[in-house]
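The values are calculated or read from the model by the stated rules, or taken from the named source; none is laboratory data. Since this is a predicted model, take the numbers as computed values, not measurements. Methodologically, a virtual Cβ is constructed for each residue, glycine included, from the backbone with ideal geometry; neighbour enumeration extends over all protein chains shown.
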Ligand code: NAD
């Protein structure tokens, strides 16, 4: 029996060549030939590679890559590739970096490149004894983990520590084993997951319990990237601006409603570099937000204070599980070029650079919010997007956008009316 075009049950979809998948989707969704051709144009990511990166590929999604200029990090000038669809994000980093460049830019550091994998153990009547039984096997745990990844071991990475926690849950007492692994220049998810899966039956054997989940923690708090920077009072525009920014920070640090948006702004910069370098944006986002709530209340990822000289000092610290190898980093051609542009030679240097970008982003967002408001900077590009949505083409885009900004009403209906008037001459 053939499947009707309206059914989502498409047998063997994953086995089809990309063109046939697109045809099946076109039948389902009524795509025009031009829309199918658009999907099949995968741009600068070869279709064959895309087909190997994820499942059921029918196309690629292009996101602009911009370069943030003016960044000086640990005494070295760096150009920062950022992949984002949001206007003002790249400009924000350029602006913040320009205002601290002459004062020396950013100073960064890192706590290490350690990842944690968790093994969940349930059904043990004597959890405290089980905990010690596991801890006593540290040498065996190390041997088991290190045997999983001789490449990592050769590079100076591998097992570093063993921690076991007794956790009270709605489903009873659990014994949670953490293996702490140095994953060097890899983000390390696959590396530590493999170790955890191998270790789990041994843990069950030592304790008589049942192991369940075996997976890394994205709260990578042994892999903290840090950046700090001082913006001279004169460069930022005086005391009123500085104090407005400090007040914005105090608000964010005290109120989760504000902190969510404050940190979202930070992640605008961070995720854009994470994406441009082929790293896992969701892993970094999850780590950042979990870290922001580590004290029981969601708060700011940055800290701001006034120096003895009256300048504005900012700092950031957050988990940064990114790599130079593994995942898409070494496969995606744009990611490889982005890493070359960045000129970083270790995952640690990449992580530290990304932290500096997050701090720069936060500076600009707070400054805009505490002075002219965020919309002024956003509006020029946003107005162009609205003009395009209204149907403006070529030179019309800029002309319609200018009118929208001048009128102070960046709305689709106004853009449509302006476009109509423009075309009517
Ligand atoms: P990977 O397994 O592709 O590569 C890491 C391996 O590369 C190491 O284990 C090592 O054997 C080898 N290697 C070669 N040179 C190295 C060097 N200089 N430093 C370190 N290792 C080197 O990748 P990975 O980093 O283990 O995993 C990353 C991928 O896992 C990402 O695609 C991520 O999206 C995915 N992932 C994430 C999660 C999560 O975040 N929750 C879960 C599962 C998978």
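Restricted to the range 1-55, the set of helices (runs of 4 or more DSSP H) holding at least 3 residues that are under 28 Å from residue 330 (Cβ atoms) and in contact (Cβ under 8 Å) with a residue 12 or more places away in the chain comprises 18-29, 47-53. Only one of the listed residues (327, 287) is out of contact with any helix residue (DSSP H, G or I) (no Cβ under 7 Å at 6 or more places or on another chain), assigned to a helix (DSSP H, G or I) and within 12 Å of the ligand (Cβ to nearest atom). That residue is 287.
Taking residues in the range 188-213 that are closer than 12 Å to residue 178 by Cα and modelled with pLDDT of 95 or more, and partners anywhere that are assigned to a helix (DSSP H, G or I) and within 13 Å of the ligand (Cβ to nearest atom), the pairs with Cβ atoms closer than 8 Å and at least 6 places apart or on different chains are 195/145; 195/148; 199/145. For the range 172-195: of the residues being away from the ligand (no atom under 11 Å from the Cβ) and buried (at least 16 other Cβ atoms within 10 Å of the Cβ), which is nearest to residue 352 (Cα to Cα)? Per the stated criteria, the residue is 180.
Candidates 322, 273, 341: the one that is within 13 Å of the ligand (Cβ to nearest atom), within 20 Å of residue 68 (Cα to Cα) and either touching a residue at least 40 places away in the same chain (Cβ under 8 Å) or buried (at least 21 other Cβ atoms within 10 Å of the Cβ) (or both) is 322. A single member of 379, 389 is surrounded by 14 or more Cβ atoms within 10 Å (Cβ to Cβ) and either at pLDDT below 90 or touching a helix residue (DSSP H, G or I) at 6+ places or on another chain (Cβ under 7 Å) (or both), and it is 379.
Across the range 246-255, not a single residue is classified as assigned to a helix (DSSP H, G or I), within 27 Å of residue 344 (Cβ to Cβ), in contact (Cβ under 8 Å) with a residue 12 or more places away in the chain and away from the ligand (no atom under 16 Å from the Cβ). Note on the range 82-171: enclosed helices (runs of 4 or more DSSP H) holding 1 or more residues that are away from the ligand (no atom under 16 Å from the Cβ) and surrounded by fewer than 17 Cβ atoms within 10 Å (Cβ to Cβ) are 89-101, 127-135, 138-148. Residues of the range 371-425 that are in contact (Cβ under 8 Å) with a residue 40 or more places away in the chain and in a loop (DSSP other than H, G, I, E, B): 371 alone.
For every residue, the table says whether it meets (1) part of a loop (DSSP other than H, G, I, E, B); (2) at pLDDT below 95; (3) surrounded by 24 or more Cβ atoms within 10 Å (Cβ to Cβ); (4) more than 18 Å from the chain's Cα centre (by Cα).
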| residue | (1), (2), (3), (4) |
| --- | --- |
| 336 | no, no, no, no |
| 348 | no, no, no, no |
| 351 | no, no, yes, no |
| 354 | no, no, yes, no |
| 358 | no, no, yes, no |
| 363 | no, no, yes, yes |
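With respect to being within 16 Å of the ligand (Cβ to nearest atom) and more than 23 Å from residue 345 (Cα to Cα), residue 213 fits the description.
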